[in-house]
Amino acid sequence: MKTKVELKTKRLTLRPIQIGDEKQVHEYAGDKEITMMFWLPNDTFEETADFVKRNAKEWDSPDQTNFEFVIVYDGKIIGGCDCDLGHSDDHSYATLGWIVNKKYRGRGFASEAASAMVDFAFTKLGVKKVCAQCDCKNAASFAVMKKIGMKLVNDKGTRTYPKTGIISGEFTCVISKGEWFVKLERKSDED
C-alpha cells in the first residue's frame, strides 16, 4: 500500500506497526499465557523485535498482503490487529486477527478494533468477504466475531499449536461485503 493508513474509532487509533514499537508490543506478545495466539513471537524480546521489523517492512512493499496494525488507546499501544490477504490466491477475501493486552480486556477494545479492520478490508482493500478464526475455547474472540456481525460457518475445524503440538477445535466466522454495509445502514438508522 503506497500510503500508510491510520484508522480512527471512537476511542482508538489503529496505525501501522513501526520500528520503535517493540517494547510495547512485547508487553502483550511476550505474555506466556497467550497460548491461543500462536502467531505471535512470545518467547524472547528479540523475536518480538524481528516480528515488528518484518511487519513494518511489509508496509513499504508494493506487493503487501499483510497489514499489521497496533491498537493505540490513550497514547499507549494496548494490542495489535491484522488484515491478511495472503490466504486467498486472488486476494478476494481477508483474514483478521487481533489481540489486546490482558490489562485492557473486557472493555470492548477488541470489537472496536476488529470492526475498524473489517471496514478497512472492504473499503480500502476491496475484498468480497472477511474471515476470522479462533480456538473453540476462546469465548472472548468468538464473542467479538459475533458482535461485529460475523456468522459461524464452520465449527468443526482444528488447529495445531506448533510450539506444543496441542490440537484444538477451531471456529471460522465470515461476513460478506453486502452484510457489512447492511449492518452499517441499520446502525446508522438506529443512531
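Details
- In the range 110-136, residue farthest from residue 68 (Cα to Cα) [restricted to those that are in contact with a Ser or Thr (Cβ under 9 Å, 6 or more places away or on another chain) and touching a residue at least 60 places away in the same chain (Cβ under 8 Å)]: 135
- Pairing residues of the range 49-69 that are in a helix (DSSP H, G or I) with residues that are open to solvent by 30 Å² or more (accessible area, probe 1.4 Å) and of a type in the set (Val, Ile, Thr), at Cβ distances under 6 Å and at least 6 apart in sequence or on separate chains, gives 56/19.
- Output for the range 123-135, where each listed residue is within 26 Å of residue 33 (Cβ to Cβ) and open to solvent by less than 10 Å² (accessible area, probe 1.4 Å): 132, 134, 135
- Positions within the range 136-181 being β-branched (Val, Ile, Thr) and open to solvent by 50 Å² or more (accessible area, probe 1.4 Å), in sequence order: 153, 158, 160, 164, 166, 167
- At least 3 residues being of a type outside the set (Lys, Arg), over 16 Å from the mean Cα position of the chain (by Cα) and over 19 Å from residue 87 (Cα atoms) is the threshold, and among the strands (runs of 3 or more DSSP E) wholly inside the range 103-191 those reaching it are 167-176.
The values are calculated or read from the model by the stated rules, or taken from the named source; none is laboratory data. Everything numeric in this text was worked out from a predicted model, so none of it was measured. Virtual Cβ from ideal backbone geometry, glycine too; neighbours counted across all protein chains shown. Just so you know, the surface numbers come from the protein's heavy atoms only, side chains and all, with ligands and any DNA or RNA stripped out. Shrake-Rupley method; radii C 1.70, N 1.55, O 1.52, S 1.80 Å.
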